[in-house]
1. Mind checking which of GLN381, SER364, GLY33 is farthest towards the positive end of the chain's charge dipole, using Cβ charges of +1 (Lys, Arg) and -1 (Asp, Glu) about the Cα centre?
2. Quick one: check the C-alpha center-to-center distance for the range 200-259 versus the range 8-48, whole angstrom.
3. Among rounded, prolate and oblate, which fits the range 330-413 when a ≥ b ≥ c are the square roots of the eigenvalues of its C-alpha gyration tensor, a/c under 1.5 means rounded, and a/b larger than b/c means prolate?
4. How big is the dipole moment of the chain about its Cα centre under a simple scheme where the beta carbon of each Lys and Arg is +1, that of each Asp and Glu is -1, and everything else is neutral? Debye, nearest 20, please.
5. If each of GLU286 and GLU53 carries a label point 7 Å out from its Cα toward its Cβ, how far apart are those two points in nm?
6. List the pairs from LYS54/LYS273; LYS207/LYS228; LYS100/LYS271; LYS278/LYS342; LYS54/LYS282 whose alpha-carbon separation is above 18 Å, in the order I gave them.
7. Return the sequence-ordered ³J(HN,Hα) values of the range 223-240 in whole Hz as given by the Karplus equation 6.51 cos²θ - 1.76 cosθ + 1.60 applied to θ = phi - 60°, using x for Gly and Pro.
8. For the chain, modelled as a GNM with alpha-carbon contacts under 10 angstrom, which of ASN24, ASN331, ASN37 fluctuates the most?
Amino acid sequence: MTNKPTLLLIDGHSLAFRAFYALNPSNFRTPDGQHTNAVHGFISMLLNLLEGEKPSHLAVAFDISGPSFRAIEYPEYKGNRGETPEEFYGQTELLEEAMKAMNITTLTKKDYEADDILASLADQAAAAGYRVLVVSGDRDTFQLIGENTTILYPIKGVMNLARMNDEAVVERYGIHARQYPDLAALVGETSDNLPGIPGVGPKTAAKWLQAYGDLKTVLAKADEIPGKVGESLREHSELAVRNRRLNHLVRDLDLGLDFESFRLTSVDENKVKATFTKMHFKTLTERVLRLRGQNGSQTTGLKAAPESVSVASESEEKKIFDTLEIPEARNVTSKEVLDWIKKQSTVGFEIEEQGSDLLLGFASESERLVLSGSADKELLQWIASASPKALFDLKGTRRILLERDLEIGGVVDD
């Protein structure tokens, strides 16, 4: 176990969008019509990270409106991205408000992207002796991987994060982490609207990098590469050069901040209650205060945050449930469960092993259902779907399901 302080850095927009698409917007909406699914998913992920990684320092970086220096150089950069979904509007501002209430530093910088902020902080913190964890859904961050820096990369939604170190990159892509931006330059990046060398895929690019070491040498030795792919490389080499210039993350930004400003303290309990009540996040409020409140499990002995004046809150959010132990369970078929699920906003879900069989339980505030017999295909699809679920012991539930080649998705509370 390392004694180094741990700095957790999060790409705010990247993870907020992933949370948005992982949770159905229609299930997370305030009475005045504001959707909150991205905020809910992001904070749930954040709490899991705080519990699992126990960072001492934390910062969240956001993109800001207006073109970055990359879009100024190449106007088509990210030009293929569609309109922001209407349900996402307003959620970034709510997320920033929630971070402020939790005393978490948020960062932006004109002309730069969030990844550039994360890259600069990661390099500077690693050099200063920190253990650095970067949470981002952008594979360009793989170039930051080093002895003291690990990327936590979302595999599905925001709850399943792959720990990407150099060994993991080699296993998955056949090249070292430092070579990944060269591979991306050759192949291109669809999400950034950066076309690569026609006819060159990840395996071909990895083979070249294994042979020649880096993009500069691949291009210098292009005459040695036979076949149509070699011809395509020679003809379109400028695409790879441009892509590599654009996917390079800026690592020397001066943000004018001391790392101590990122140190986690207890949250402002009154602000958390007021902010989270506005979004109708009762369960998340309880989780935040249990973990990072003034008497939280991670804040005993830490410097307390300044406490704001308590204000009268809005009407309390309707309670979903505090426990899955609801009396008078009734046995139901898969079809009956699925019909019942359609009427629920969030479903309490529980699995118990009974020999080689599984006992599946489902709960709302007032009902408890137990599945009779085996789950059919449609019910298994629901378990893996983004439909909101609350359960006890996600780790144990996931283990049981993985042993049977099954997945679980849409977990909004654990």
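All of the numbers you see were taken from the coordinates with simple rules; none came from a lab. If you're wondering where the values come from, they're calculated on a predicted model, not measured in any experiment. Here the Cβ positions follow ideal geometry from the backbone for every residue, glycine too, while neighbour counts run over all protein chains shown.
1. About the Cα centre, the residue reaching furthest to the positive side is GLN381.
2. Here the two parts' Cα centres lie 35 Å apart.
3. Details: a/c = 1.43, a/b = 1.15, b/c = 1.24.
The shape class here is rounded.
4. Working: 48 positive and 63 negative charges, 79 e Å.
It comes to approximately 380 debye.
5. Between GLU286 and GLU53, the label points sit 2.7 nm apart.
6. Working: LYS54/LYS273 23 Å; LYS207/LYS228 15 Å; LYS100/LYS271 9 Å; LYS278/LYS342 26 Å; LYS54/LYS282 23 Å.
Long pairs (Cα-Cα over 18 Å): LYS54/LYS273; LYS278/LYS342; LYS54/LYS282.
7. 5, 7, 8, x, x, 5, 5, x, 5, 5, 4, 5, 6, 10, 4, 5, 5, 5
8. Greatest mean-square fluctuation among the candidates belongs to ASN331.
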